[in-house]
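Below is one structure, written out as structure tokens, with a few remarks after it.
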Amino acid sequence: MTTSSNACRILVVCDDNQRRSPLVQAMLGARLRRVRGTRWQISSAGTDCDPGDPVDRDVAPFVPRPGLDVDRFRTRRLTADLARDGEVIITMTRLEAASAMRLDPTAIRRTVTLAELARCAGRLGALETGRGRAAMLELVRLAIRDRGPTRPDDPAEDDITGPSADPRLLPATVHQLSTAVDAISALVNDAHPAARSIPAQRGQSTRASLARGR
């Protein structure tokens, strides 16, 4: 992995790299604060995409412009090199996480689904590591460590699946992604948040907990 001491390379992965992953890439880019000692490098890729395609036209209006240049964005396929270079790999589903780990077995120590990461952030009141890169790496470590004890009864709750072909249903997916990113960025941005989510118990619906605040 090639990374400077203050860079945090986050790779966001979905299947087509046209909808969920560029959305989350943009949301993270817009919401993760600039912290002294941390330089965020956020990119995305797809496990099953045609390289060079633009963001899906129905998704484009939802993309935070400060987080991503939609006009210049083009899809790219997940490769072993990309997986190896990602200091943190955030996938939308367990299937995409498995794809990253097949390409680079060492990615098992760096790969989580967005729902897993948000659920872990919701359980934590603060991180002793502080903010920025150190906080993100610690959050990923804890999410992976706690997979067994905190895994939901329905494993599918670790997934945020792609939006339906019906564009009228897209806002619900965008809200789900946005709520998850909010939980993650709140913890990473502030070592001592004023308020945290109620800890999720085993079997409690992840989707329900992510949807709080609707």
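Structural remarks
- The residue list Arg102, Arg109, Arg19 contains one member that is over 25 Å from Asp146 (Cα atoms) and either within 17 Å of the chain's Cα centre (by Cα) or surrounded by fewer than 22 Cβ atoms within 10 Å (Cβ to Cβ) (or both), which is Arg19.
- Conditions (1) outside any loop (DSSP other than H, G, I, E, B); (2) modelled with pLDDT of 85 or more: number failed by Pro149: (2)
- Among (1) part of a loop (DSSP other than H, G, I, E, B); (2) among the small types (Gly, Ala, Ser); (3) at pLDDT 95 or above, the one test that Gly67 misses: (3)
- If you go through the stretch 48-62 and keep only what is part of a loop (DSSP other than H, G, I, E, B) and small (Gly, Ala, Ser), you end up with just Gly52.
- Conditions (1) touching a residue at least 60 places away in the same chain (Cβ under 8 Å); (2) surrounded by fewer than 20 Cβ atoms within 10 Å (Cβ to Cβ); (3) not in a helix (DSSP H, G or I): number failed by Arg84: (3)
- Close pairs from the stretch 45-61: first crowded, with 17+ Cβ neighbours inside 10 Å, partner of a type in the set (Phe, Trp, Tyr), Cβ under 8 Å, at least 6 apart: Val55/Phe73
- Sole residue being modelled with pLDDT under 95 and surrounded by 21 or more Cβ atoms within 10 Å (Cβ to Cβ), chosen from Leu28, Leu32, Leu78: Leu32
- Criterion (in contact (Cβ under 8 Å) with a residue 40 or more places away in the chain, in a helix (DSSP H, G or I) and either out of contact with any Leu (no Cβ under 9 Å at 6 or more places or on another chain) or within 21 Å of Ala165 (Cα to Cα) (or both)) met by exactly one of Arg141, Arg133, Arg102: Arg133
- Matching residues, the stretch 62-75, being surrounded by 18 or more Cβ atoms within 10 Å (Cβ to Cβ) and either closer than 21 Å to Ala97 by Cα or of a type in the set (D, E, K, R) (or both): Thr75
- Filtering the stretch 152-169 to residues that are outside any helix (DSSP H, G or I) and either touching a strand residue (DSSP E or B) at 6+ places or on another chain (Cβ under 8 Å) or closer than 21 Å to Gln18 by Cα (or both) leaves Asp159, Ile160, Thr161, Gly162, Pro163, Ser164, Ala165, Asp166.
The values are calculated or read from the model by the stated rules, or taken from the named source; none is laboratory data. It should be emphasised that the depicted structure is a prediction, and the values quoted were computed from it without experimental measurement. Note that we place each Cβ from the backbone using ideal geometry, even for glycine, and neighbour counts take in every protein chain shown.
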